[in-house]
Amino acid sequence: MSRLLALLGRETALAWGRGGGPLVAVGFYAGVTTFLPLAIGSEPTRLAAIAPGAAWVALALASLLSLERLFERDYEDGALDQLFLSPVPLELTCLIKCLGQWLANGAPLALAAPIAAISLGAGPDLAPLAFACALLGGLAFAFVGGIGAALSLGARRGGLLTAVIVLPLFVPPVIFGGGVLDAFAGGLPWSGGFALLGAYALGALAIGPVAMAAACRNALS
Amino acid sequence: MITALSIKDTAIRRGGRLLFEGVSLELAAGQACALTGPNGSGKTSLLRAVAGFVRLEAGSIGFGAADVEAARGGGLHMVGHADGLKPSRTAAEELAFWSRWCGGTDASAREAARTLELDTLLPLEVRRLSAGQRRRLAMARLLAAPRALWLLDEPLSPLDARWREAFGDLMRRHLDGGGLILAAVHDPLPIPTVSLELPA
C-alpha cells in the first residue's frame, strides 16, 4: 500500500510539472473559450445556446495536451522498466498513473469549467453541475487518453497519433456532458445523461488499465 | 527467492535479425557471470530477456525453484544506462521513491546513500549530477532493497577508478550473501566471474 501511495504522489507531482502542467492546460482552455465569441459573434442568446457544448469541446482538447507524455518519458528513460519489475501488477501501476494525471490536470480543468461556461453566458446556477460533469468527464478523458498514449509509445510524433486514436473515444463523454448541461439549462431532466457520463467514466476506469498495460508490455518487448 | 539462474539454449530475434542462438548459462547462488561480446551482439537483449521484457525465439529461462513471475516481480534488479531517474526531481526524492517501490524502507535508503556517499548530492536535482554520480544514485536501489539477482548493463562504464573498486567490494559482498550477478561488460569485472561470450 505504501508503494502505491508513493507512486500516486510521484505521478501527481510529475503530471503537475509535465509540459507546464495544469497552468498550460487551464490557459489553453481559457484561450479556446475566449476565442469562440470572437469567431461566432458576441450576441448573448446565440452564445448562451452553444456555451455548454463549446465548453466541453474545449475541455476535451485541453485534456489532450499533456497526455502525450504520460507514458513516453517513462518509456524513454527506463522508469517503465523499473515500474514493471515489481510485485505490483502493471495494470494497477497504469491505473495509478492515470489517477495522478487526473488529479494534476483533470481537477484544475474541472475548477475552470464552470467559470468558462458562465463567461460564455450560461446561468450561474449551472456552475455546480458543470464542475461535477467536468470532473467525471476528466476521469474518462484521463483513462481513455492513457490508452492512446500507451498505444503510441515508440512512435515518432506520438502526440499527434495519440490525438487521432483518442478523439473518437472522447465523443461519448462530450455528447453526454454537453447534453446534461443543455438539459439542465432548458429545465429538462438531466440525471439520465449524468448517469451515462458516470457509466462511461467507470467503464474507462475498468477497461483502460488492462489496455494500457498490454500496450506497455508490447512497447517494452 | 532466486537461488539459481539457468538460461537454456536460448535464441533471440530482434527486428527480423537473429542475434544469437544456442546460448546457455547455469549460475548458482554466489556466482557472477561476465557477459561479453561485440556491440550489437545481443548482450542487453539477453539481460532484458532474463528480466522478462524480451520474448525468446527459442529456449527457456528459469530461476531455480522460484516461480518465474514472482522472481521477475520482486527478485531481481536491473541497472543500465536508462536509469529511470527524472532530471527535474531531486536525488533525495528519486532515491526515496525507488527504494520504496522496490520494497525498501526509509532507513535502508539512508543506509544505501551513506554507503555510496550520496549524502551531499541528495538535495540536488538529478539534472545537476554527473554521469557517475547518477549511476551511483541508480545503484542505491541495489542496496536499499535487497534482491537476489542483479542484472547490470555496463555497470562500471561511468564510474571513476575509486568507485569501480568500491563497487567491486559491493558486488563481492552481494555474492557472499548468496546473491547472483549477470553483468554485460566490455572491461573485466573486479571480482571472479564465469564468462559467457556472445558471438559476433
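Some observations on this one:
- Among the residues of the stretch B:40-70, those that are in a helix (DSSP H, G or I) and within 15 Å of the chain's Cα centre (by Cα) comprise B:43, B:44, B:45, B:46, B:47, B:48, B:49, B:50, B:51.
- Every condition in (1) closer than 27 Å to residue B:187 by Cβ; (2) out of contact with any Cys (no Cβ under 8 Å at 6 or more places or on another chain) holds for residue B:141 except the one numbered (2).
- From the options B:128, B:110, B:141, B:136, residue that is modelled with pLDDT of 90 or more and within 14 Å of chain A (Cβ to nearest Cβ): B:141
- In summary, residue A:99 fulfils each of the numbered conditions (1) touching an Asp or Glu at 6+ places or on another chain (Cβ under 8 Å); (2) more than 30 Å from residue B:49 (Cβ to Cβ); (3) within 14 Å of another protein chain (Cβ to nearest Cβ) with the single exception of condition (3).
- The stretch B:115-200 holds no strands (runs of 3 or more DSSP E) entirely within its bounds that carry 3 or more residues that are of a type in the set (Gly, Ala, Ser) and not assigned by TED's automatic domain parsing to the domain that holds residue B:12.
- Residue count for the stretch A:73-87, restricted to those that are more than 8 Å from chain B (Cβ to nearest Cβ) and more than 18 Å from residue B:83 (Cβ to Cβ): 0.
- Take the conditions (1) closer than 18 Å to residue B:78 by Cβ; (2) among the polar types (S, T, N, Q); (3) in contact with a strand residue (DSSP E or B) (Cβ under 8 Å, 6 or more places away or on another chain); residue B:157 misses just one of them, which is (3).
- Pairs with Cβ under 7 Å, 6+ apart, first in the stretch B:86-107 and facing another protein chain (nearest Cβ under 8 Å) and surrounded by fewer than 24 Cβ atoms within 10 Å (Cβ to Cβ), second assigned to a loop (DSSP other than H, G, I, E, B) and not hydroxyl-bearing (Ser, Thr, Tyr): B:102/B:145; B:103/B:145
- Meets criteria (farther than 14 Å from residue A:106 by Cα and of a type outside the set (Phe, Trp, Tyr)) for residue A:47: yes
- Filter pass, residue A:143 being over 13 Å from the mean Cα position of the chain (by Cα) and in a helix (DSSP H, G or I): no
- Verdict on residue B:196 being within 14 Å of chain A (Cβ to nearest Cβ) and surrounded by 17 or more Cβ atoms within 10 Å (Cβ to Cβ): no
- Summed over the stretch B:1-39, the residues that are in contact (Cβ under 8 Å) with a residue 12 or more places away in the chain and in a loop (DSSP other than H, G, I, E, B) give a count of 8.
- Tally, over the stretch B:71-91, of residues that are part of a helix (DSSP H, G or I) and farther than 21 Å from residue B:183 by Cα: 1
- The stretch A:86-139, residues that are crowded, with 21+ Cβ neighbours inside 10 Å and in a loop (DSSP other than H, G, I, E, B): A:120, A:122
- Boolean, residue B:70 is surrounded by 20 or more Cβ atoms within 10 Å (Cβ to Cβ) and either over 21 Å from residue A:81 (Cα atoms) or within 12 Å of chain A (Cβ to nearest Cβ) (or both): no
- Test result for residue A:67, within 14 Å of chain B (Cβ to nearest Cβ) and crowded, with 24+ Cβ neighbours inside 10 Å: no
- Test: residue in the stretch A:35-58 that is within 14 Å of chain B (Cβ to nearest Cβ) and of a type in the set (D, E, K, R): no
The values are calculated or read from the model by the stated rules, or taken from the named source; none is laboratory data. Predicted model, so just to flag it, every value in this text is computed and none were measured. Every residue, glycine among them, receives a Cβ derived from its backbone with ideal geometry; neighbour counts consider all protein chains shown.
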